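See structure below.
The values are calculated or read from the model by the stated rules, or taken from the named source; none is laboratory data. Owing to the predicted nature of the structure, the values given are computational and were not obtained by experimental measurement. Here the Cβ positions follow ideal geometry from the backbone for every residue, glycine too, while neighbour counts run over all protein chains shown.
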Amino acid sequence: MGEVTVEGGSVNFTAYGYNTQHLKNVFVNRSYSFAISPADDLYTFAFDNAEGDSPKSVRFTLTEEWIDILSLAIAFAAALVSALAGMVVINTDFRRRRVEARGRTNPSNRSYCLYPDFIKLLSANHLPCTR
């Protein structure tokens, strides 16, 4: 976030650096506020007289806006909890499928019959396990 204030005339303001396309040769008569978002670390600023060589007073203020670390920590914690909850749901689903598969075992060889759903639909009597 920045601000240019001019007293006693006007200037042309130019910023050089990353993401400053909107700050090329900007005419400033009294006051001009600007923002560079997202910003980088290295910038150069130039001020040129717009009205000959008359004396002017130029005040230039540049401030940085930082991301609040507390908000970042809360977002990280929420993402971590969501990831853990997702892993629990996936693990529970795998266990449920394993229990359902145990109900379809062949008592002679105790192998699991994990038929895909489309095979179940094709066979009316659910083919016996032959493993």
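Of the residues making up region 24-72, those that are in a strand (DSSP E or B), closer than 15 Å to E7 by Cα and not hydroxyl-bearing (S, T, Y) are F27, V28, F47, D48, N49, V58, R59, F60.
Hey, can you tell me all the residues within region 8-56 that are among the hydroxyl-bearing types (S, T, Y) and exposed (fewer than 14 other Cβ atoms within 10 Å of the Cβ)? Before the answer, list the steps.
Step one: filter region 8-56 for residues among the hydroxyl-bearing types (S, T, Y), giving 10, 14, 16, 18, 20, 31-33, 37, 43-44, 54.
Scanning region 8-56 gives Y16, Y18, S31, S33, S37, T44, S54.
Scanning region 1-23 for residues that are free of Cβ contacts under 8 Å to residues at least 60 places away in the same chain and in a strand (DSSP E or B) turns up E3, V4, T5, V6, E7, V11, N12, F13, T14, A15, Y16, G17. Selection of first residues in region 71-87 that are among the polar types (S, T, N, Q) and of second residues that are modelled with pLDDT of 90 or more and not in a helix (DSSP H, G or I), restricted to Cβ pairs under 9 Å at least 6 apart or on distinct chains, gives an empty result.
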